[in-house]
Amino acid sequence: MHGWLLRADVPVIPDADQARDWVLNELSEPQYQAAQPTWFDLLSAAFVDWLTSLDLTGGGAFEWPVLLIAAAVIAALLVAAFFVFGRARLNRRSAVTGALFGEDETRSADQLRKDAAAAAARGDWSTAIAERFRGLARALAERTIFGTSPGTTAHGFAAGAAASFPEYAERLESAAASFDDVRYLGHPGAEAQYRSIAELDGDLQAARPRLAEGALQ
């Protein structure tokens, strides 16, 4: 009686035009587009194909000009790759700005460190501690290891950064406590606290993070 109804579990076999449309629609999805090779990938592959197609076994006068041209092209590709990818990465690092522990902050990590050193030189340990801790946090954001959001607290940052540097978890928590002491609780800062944060900052600069466990927030 219901034989005229189309069963939902019967596979639909498309004709040629439908199949093409389905494939094109599927490949237009973002995950496939992101996987497409870049112009640099295509150019590099074309050059390698050309180089491997040459027959240099004959030697003689033909060999050296070709090798020099190949070396020049490789050098040009490396320079282009730096300006396209390397410089962009440097610009991303230097452009990290935004809220940092409740304050708008446009300074880079290096600038914050210099301001901390200047405060320490005049004996203003509370300012030196706060600035150096901010510099430590900004440095991890510039390295794309762990970044702060407008609501991130000093202790929240310490816990998040510890996921990438578990061996420094205790020192990060201690640095966060020093920051809160001088910034929010009004306690006078001490030189030892500043030196401890500065040493931690230096150690983190040289340390390799566990990127699989850390994240940029």
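Ala120 meets the conditions (1) under 20 Å from Gly98 (Cβ atoms); (2) at pLDDT 95 or above; (3) surrounded by 20 or more Cβ atoms within 10 Å (Cβ to Cβ) in every case but one. The failed one is (1).
Those residues that are under 18 Å from Ala128 (Cα atoms) and part of a loop (DSSP other than H, G, I, E, B), I need them from region 151-208; list them, please. Hits for region 151-208 are Tyr184, Leu185, Gly186, His187, Pro188, Gly189, Ala190. When Ala159, Ala177, Ala169, Ala139 are checked against the criterion of being in the same structural domain as Gly202 (by TED's automatic domain parsing), of a type in the set (A, V, I, L, M) and under 18 Å from Trp125 (Cα atoms), Ala177 stands alone in meeting it.
Check Ile145, Ile129, Ile197 and return the single one that is closer than 20 Å to Leu100 by Cα and at pLDDT below 95.
Numbers: Ile129 fails: at pLDDT below 95; Ile197 fails: at pLDDT below 95.
Every option except Ile145 fails the conditions.
Scan region 167-181 and give yes if some residue there is at pLDDT below 95 and either closer than 13 Å to Phe101 by Cα or in contact with a helix residue (DSSP H, G or I) (Cβ under 8 Å, 6 or more places away or on another chain) (or both), otherwise no. The answer is no; no qualifying residue exists. Within region 188-205, the residues that satisfy the criterion of being loosely packed, with under 14 Cβ neighbours inside 10 Å and in contact (Cβ under 8 Å) with a residue 12 or more places away in the chain are Pro188, Glu191, Asp203, Gln205. The set of residues in region 80-117 being at pLDDT 80 or above, over 15 Å from Ile197 (Cβ atoms) and either aromatic (Phe, Trp, Tyr) or part of a loop (DSSP other than H, G, I, E, B) (or both) consists of Thr106, Arg107, Ser108. Residue check: Ser126 meets all listed conditions (1) over 26 Å from Thr106 (Cβ atoms); (2) small (Gly, Ala, Ser); (3) touching a Pro at 6+ places or on another chain (Cβ under 9 Å) but one, namely (1).
The values are calculated or read from the model by the stated rules, or taken from the named source; none is laboratory data. Worth saying up front: this structure is predicted, and the values here are computed from it rather than measured. Glycine gets a Cβ as well: all are built from the backbone with ideal geometry, and neighbour counts include every protein chain shown.
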